[in-house]
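Visitor: This is the structure I have questions about; it appears just below.
Every number in this text was worked out from the coordinates using simple rules, so none of it is lab data. Please read these numbers as outputs of a predicted model, since none were measured by experiment. Quick reminder, even Gly has a Cβ in these numbers, built from the backbone with ideal geometry, and neighbours come from all protein chains shown.
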Amino acid sequence: MFDFVKIASAQGIVPCGGPGQPACTSWDNLSQLINNLITFLLEVSIPLAVLVILYGGFLILTAAGSEGRYEQGKNAIIGAVIGLFIVFGSYILVSLITRALSG
């Protein structure tokens, strides 16, 4: 069975509690964990959104008059842009909340 704490600790996501690290005991550790997770999700979501936008553009370019394929490409691009707005908005909201709670 996987030991997720060891894997996340090796990735640098969990700031404490891993092998050779002190135990997680303060709010600062939780705040750092949340910030690390949000940063990791941003690093994953941006390239994924770019790939979806490229896929949507490919569908539009190769539609050859097919309305269904054109709409599918347009919806993929719109969905990726809306997703990016949601991700960035969530990042701002969570950052403000953790900064307010941690002082």
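Visitor: What distance in nm separates the two pseudo spin-label positions at LEU101 and ILE46, each 7 Å out from Cα along the beta-carbon direction?
Guide: 2.5
Visitor: Spelling out what I want: for every residue of the range 85-102, take phi, set θ = phi - 60°, compute 6.51 cos²θ - 1.76 cosθ + 1.60 (Karplus), and round to whole Hz; glycine and proline get x.
Guide: Karplus values, whole Hz, x for Gly and Pro: 4, 5, 5, 5, x, 5, 4, 5, 4, 5, 4, 5, 5, 5, 5, 5, 6, 8.
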